[in-house]
1. If I model a spin label as a point 7 Å beyond the Cα along the Cα-Cβ vector, how far apart are those points for H24 and F67 in nm?
2. Per residue of region 28-43, in order, report the coupling 6.51 cos²θ - 1.76 cosθ + 1.60 (Karplus, θ = phi - 60°) as ³J(HN,Hα) in whole Hz, putting x for Gly and Pro.
3. Ranked highest first by average number of other Cβ atoms within 10 Å, how do 32-39, 15-22 line up?
Amino acid sequence: MSAVRQECIVPGCNRTAVTRGLCHSCYMVARRLVKNGVTSWITLKSAGLATGRQYRAFGTGPFVIAFAKLQDASAEPSNEEPAEPENTDAS
Ligand SMILES: [Zn+2]
């Protein structure tokens, strides 16, 4: 059985994937983009530039896969619409 070494899914990047199918440096960039509201993990995922979080500790059954999707959907709302600015109009 050959060792399962997952490569970063970003084209041209051959480093070892550590998180979401990305290597550490790609993940850091992606995370910053998501954090700054430039994109979302859901968008990156549909563009093939990230995978869902994995819950390997809990197995790989259908429930875990569904659960991972649920987590992605709830923890990372899409950034389609800009967040409304805080209403600082204090009465
Ligand atoms: Zn990479």
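All of the numbers you see were taken from the coordinates with simple rules; none came from a lab. Predicted, not measured: the structure shown is a model, and the values here were computed from it. Here the Cβ positions follow ideal geometry from the backbone for every residue, glycine too, while neighbour counts run over all protein chains shown.
1. Distance between label points: 2.8 nm.
2. 4, 5, 4, 5, 5, 4, 5, 5, 7, x, 6, 8, 9, 4, 5, 5
3. Result, highest mean Cβ count within 10 Å first: 15-22, 32-39.
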